[in-house]
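Encoded as structure tokens, the structure appears first; notes follow it.
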Amino acid sequence: MTPDQYHLCKIAEECAEVAQRALKAQQFGLGEKQPGQSLNNLERLVCEFHDLFVTFDNFLSLVDREMLTTPTEYFTEIRLAKMRKYLDLAIRLNQVSDETFI
């Protein structure tokens, strides 16, 4: 396994952990605490995101420092517009209640 492959594996692993925690929060609620856990689902989701961000940032710093200077506002605007487009579609299809999300 090359260093790139190792880091990509770790990124995928962290993405899976974020997804798993988000699904648990969706199913049981953000404030629910699993037996034996000190943190609720929202707190655990935030921790998983931090793990993902650190893992990804470390990978980027190794492969392409230039990417770290890309304006995040630009990507944020694009992503929010895309989310809004598909949220509107889900509302029109009656799959999501018509509430303010974004």
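The values are calculated or read from the model by the stated rules, or taken from the named source; none is laboratory data. Please read all numbers here as calculations on a predicted model, not as lab measurements. Here the Cβ positions follow ideal geometry from the backbone for every residue, glycine too, while neighbour counts run over all protein chains shown.
Flag not set for Thr70, criterion: at pLDDT below 75 and over 23 Å from Ile11 (Cβ atoms).
Conditions (1) in contact with a helix residue (DSSP H, G or I) (Cβ under 7 Å, 6 or more places away or on another chain); (2) at pLDDT 95 or above; (3) of a type outside the set (Ser, Thr, Tyr), marked per residue:
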site	(1), (2), (3)
Cys15	yes, yes, yes
Ala22	yes, yes, yes
Glu43	no, yes, yes
Phe53	no, no, yes
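Of all residues in the stretch 8-26, those that are over 10 Å from Asn41 (Cα atoms) have Cβ atoms under 8 Å from Cβ atoms of residues that are outside any helix (DSSP H, G or I), 6 or more apart or on another chain, in Cys9/Met1.
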